[in-house]
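See below for the structure under consideration.
The values are calculated or read from the model by the stated rules, or taken from the named source; none is laboratory data. None of these values were measured; they are calculated from a predicted model. All Cβ positions, even for glycine, are placed from backbone atoms using ideal geometry, and neighbour counts span all protein chains on display. Please note that ligands, DNA and RNA were not included when accessible areas were found on the heavy atoms of the full protein model with its side chains. Shrake-Rupley method; radii C 1.70, N 1.55, O 1.52, S 1.80 Å.
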Amino acid sequence: DAKTTQPTSMDCAEGRAANLPCNHSTISGNEYVYWYRQIHSQGPQYIIHGLKNNETNEMASLIITEDRKSSTLILPHATLRDTAVYYCIVRVRGNFGNEKLTFGTGTRLTIIP
Amino acid sequence: ETGVTQTPRHLVMGMTNKKSLKCEQHLGHNAMYWYKQSAKKPLELMFVYSLEERVENNSVPSRFSPECPNSSHLFLHLHTLQPEDSALYLCASSQEVAGGPLETQYFGPGTRLLVL
């Protein structure tokens, strides 16, 4: 599996855009980049995923560099409810049952009022 | 609400007890998962079920015994656990197609287990 590297923690002011970086320099051509977040004492919540192109949904935007070695998750207008641990995950492509959704230690994002 | 429910939400048990964790998904998915999340450690995949058959067991001790009676329900039977098994146990589900790209997993809220 490609390893991911994320900052341990970040702060962001409420109402501003939160930009969370992730390095995945050993990513393979058919591996997807996934982002999940986990609010304290809850299960992980899917946010967004992408392969090559930038993606946007109602929660966030995902910017993937052209060489695919890094990506940035953008929360456009952070609120206090966005305080959570954010996980960047690279998923191995293979036959179902022969894969792992491997979570690292993530980035603890704190939104400051 | 993600469509995946887990009961109980909290459980305290002694090392000689037998208990079961229950997971139910209301999403029509064909795959279900058990994960363990210990304090200050990454999420660990324990078991994977596809169409009620176990397809992965990540070297989990036999004191953890999964059961998948149908595609909507998943159980984790616990017996003679150790204090180090105290953790948040998470269930997830997804809709997978053989040979296709891996699909998004949706997680339940977890069961916080304390073994005394």
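How would B:Met32, B:Met15, A:Met10 line up by accessible area, probe 1.4 Å, largest first?
Solvent-accessible surface, decreasing: B:Met15, A:Met10, B:Met32.
Looking at chain A, which Cys residues are left with no other cysteine's beta carbon under 4.7 Å from theirs?
Singleton cysteines: A:Cys12.
Residue by residue through the range A:63-75, which ³J(HN,Hα) values in whole Hz follow from phi under the Karplus form 6.51 cos²θ - 1.76 cosθ + 1.60 (θ = phi - 60°), with glycine and proline marked x?
Working through the residues one at a time gives 10, 10, 5, 4, 7, 6, 8, 7, 8, 9, 8, 10, 9 Hz.
If you average the sequence gap of Cα pairs under 8 Å that are 6 or more apart and divide by the length of chain A, what percent do you get for the contact order?
36 percent
Quick test of your reading: applying the under-4.7 Å Cβ rule, which cysteines of chain B are isolated?
Taking the Cβ cut-off of 4.7 Å, the unpaired cysteines of chain B are B:Cys68.
Could you check what % of the DSSP bridge pairs in chain B are antiparallel, to the nearest 5?
90 percent
Under 5 Å between amide H atoms, partner at least 5 residues away or on a different chain: which partners does B:Met46 have, H built in plane at 1.01 Å?
Under 5 Å from the amide H of B:Met46 lie the amide H atoms of B:Trp34, B:Tyr35, B:Lys36, each far enough along the sequence or on another chain.
Would you mind getting the accessible area per residue of the range B:1-69, heavy atoms of the protein chains only, 1.4 Å probe, in Å²?
54 Å²
Once phi is turned into ³J(HN,Hα) by the Karplus curve 6.51 cos²θ - 1.76 cosθ + 1.60 with θ = phi - 60°, what whole-Hz value does each residue of the range B:61-70 show in order, with x for glycine and proline?
x, 5, 6, 10, 10, x, 8, 10, x, 7
For chain B, what is the relative contact order in percent, using Cα pairs closer than 8 Å and at least 6 residues apart in sequence?
37 percent
Report the accessible area of A:Glu14, computed with a 1.4 Å probe over the heavy atoms of all protein chains in place, in Å² rounded to the nearest 10.
90 Å²
Within the set A:Lys52/B:Lys22; A:Lys52/B:Lys36; A:Lys52/B:Lys41; A:Lys69/B:Lys22; A:Lys3/A:Lys52, which residue pairs have Cα atoms separated by over 28 Å?
From the list (A:Lys52/B:Lys22; A:Lys52/B:Lys36; A:Lys52/B:Lys41; A:Lys69/B:Lys22; A:Lys3/A:Lys52), the Cα-Cα distance tops 28 Å for A:Lys52/B:Lys22; A:Lys52/B:Lys36; A:Lys52/B:Lys41; A:Lys69/B:Lys22.
Can you give the mean number of other chain Cβ atoms that lie within 10 Å of the Cβ atoms in peptide A:44-57?
That average works out to 2.
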